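The values are calculated or read from the model by the stated rules, or taken from the named source; none is laboratory data. The model shown is predicted, which means the values in this text are computed figures rather than measured ones. No Cβ is skipped: glycine too gets one built from the backbone with ideal geometry, and neighbour counts run over all protein chains shown. Note: accessible area is taken over every heavy atom of the protein model, side chains too, but ligands, DNA and RNA are not part of it. Shrake-Rupley method; radii C 1.70, N 1.55, O 1.52, S 1.80 Å.
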Amino acid sequence: MNPRTVIESGKAVLGIEFGSTRIKAVLVDEEHNPIAQGSHEWENQFEGGYWTYSLDAIWTGLQACYSALREDVRIHYNTEITSLSAIGISAMMHGYMAFNDADQLLVPFRTWRNTNTGPAARVLSEKFNFNMPLRWSLSHLYQCVLDDEPHVKDVRFITTLAGYIHWKLTGHKVLGVGDASGMMPIDAATKDFDSKRIEIFDKLVAPKAYPWKLKELLPKVLLSGEPAGVLTEGGARLLDISGHLTPGVPCCPPEGDAGTGMVATNAVKVRTGNVSAGTPSFSMIVLE
């Protein structure tokens, strides 16, 4: 099937990745061949002592990226994207996005670049008997507790950038297990957030008498291939400001850039691996 037919029949799959310096959109056919792409450059800002991207930058960036994809489709195939087979969102992992019960962002998005979380990471690493990196979401939350930030009592949901975008596109507060593993430890047996360490955390913050327990704040963890909702009417308008894209597209669990890199390089089998040379450099190795 030629690319134009794939697009017009709604059988193309859309992947969108929020990197540190570029937002990328790639359209692939049923055999995973790229058939169109779009991108948008952006930069984080250092504001109030934190590295951040504004909500406006997130959404205008996403819309500009998708518009560039539409233009690529128009130029090469002289057609329009009206429906899709599936959508997947991935983004830079970790960081801190905290919302209240009215779904309002309480403090500007704190990205993985922030290193103010040293005291929290040290305490959590000791209490958990587990290495807690500075960039992980729980390190950010606990640092806010240690710093007595007034917004903490109002937190009702925390997530990553990919989780936030997926939530606004589908209405589902979920996260793929790979991205979830960059929030706090995952229990390999349950494939969910580690319940024992959740209890340890709750005991740590108990003297603060917050009106929440950690489990209540976390997104639902999903595995690859599990249903993660569909694109809503509002989500379709957020993504495609031209109004051509129809809602109802199935969406996969939102993931982090580490998982994206593994899939893109086919480093998903035992004894394979890949090296990312992006803003940070890191390797992902699949063990036995």
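Points to keep in mind about this one:
- Ranked by the mean number of other Cβ atoms within 10 Å per residue, highest first, peptides 160-166, 48-54 order as 160-166, 48-54.
- For Arg237, the solvent-accessible surface with a 1.4 Å probe is about 80 Å², rounded to the nearest 10.
- Shape class of the stretch 148-224 from the Cα gyration tensor (axes a ≥ b ≥ c, square roots of the eigenvalues): oblate, since a/c reaches 1.5 or more and a/b does not exceed b/c.
- Under 17 Å from the Leu287 label point (7 Å along Cα→beta-carbon), backbone N, the stretch 241-269: 268-269
- All Cα-Cα separations within the chain were binned at 10 Å from zero, giving a P(r) of 6, 28, 35, 22, 8, 2, 0, each value a whole percent of the pairs.
- Reference-scaled alpha-carbon Rg (2.2 N^0.38 Å with N residues) for the stretch 4-88: 1.23
- The stretch 1-144 - percent of accessible surface contributed by carbon and sulfur, probe 1.4 Å: 47
- Accessible-area order (highest first, 1.4 angstrom probe) of the listed residues Lys203, Lys127, Lys269, Lys173: Lys203, Lys269, Lys127, Lys173
- Inter-site label distance for Arg271 and Glu199 at 7 Å from Cα along Cβ, in nm: 4.0
- Between the stretch 30-59 and the stretch 86-105, the alpha-carbon centres lie 13 Å apart.
- For the stretch 165-288, the equivalent ellipsoid built from the Cα gyration tensor has semi-axes of 28, 25, 13 Å, listed from largest to smallest.
- Most to least accessible of Arg113, Arg70 (protein chains only, probe 1.4 Å): Arg113, Arg70
- Per-residue SASA remark: Asp72, around 30 Å² accessible (1.4 Å probe; ligands, DNA and RNA not included).
- With DNA, RNA and ligands ignored, accessible area of Glu233 (1.4 Å probe; Å², nearest 10): 100
- Radius 10 Å from Cβ of Lys11, net charge of other residues (Lys, Arg +1; Asp, Glu -1): -3
- Set of lysines with alpha-carbon distance to Lys215 below 19 Å, sequence-local pairs under 8 removed: Lys127, Lys153, Lys173, Lys191, Lys196, Lys203
- DSSP bridge analysis restricted to the chain gives an antiparallel fraction near 70%, rounded to the nearest 5.
- P(r), alpha carbons of the stretch 85-241 - 10 Å bins starting at zero, rounded %: 11, 41, 35, 11, 2
- Summed over the residues of the stretch 43-110 and divided among them, the accessible surface reaches 42 Å² per residue at a probe radius of 1.4 Å.
- Candidates Gln104, Gln143, Gln37, ranked by Gaussian network fluctuation over the chain, Cα under 10 Å, top entry: Gln104
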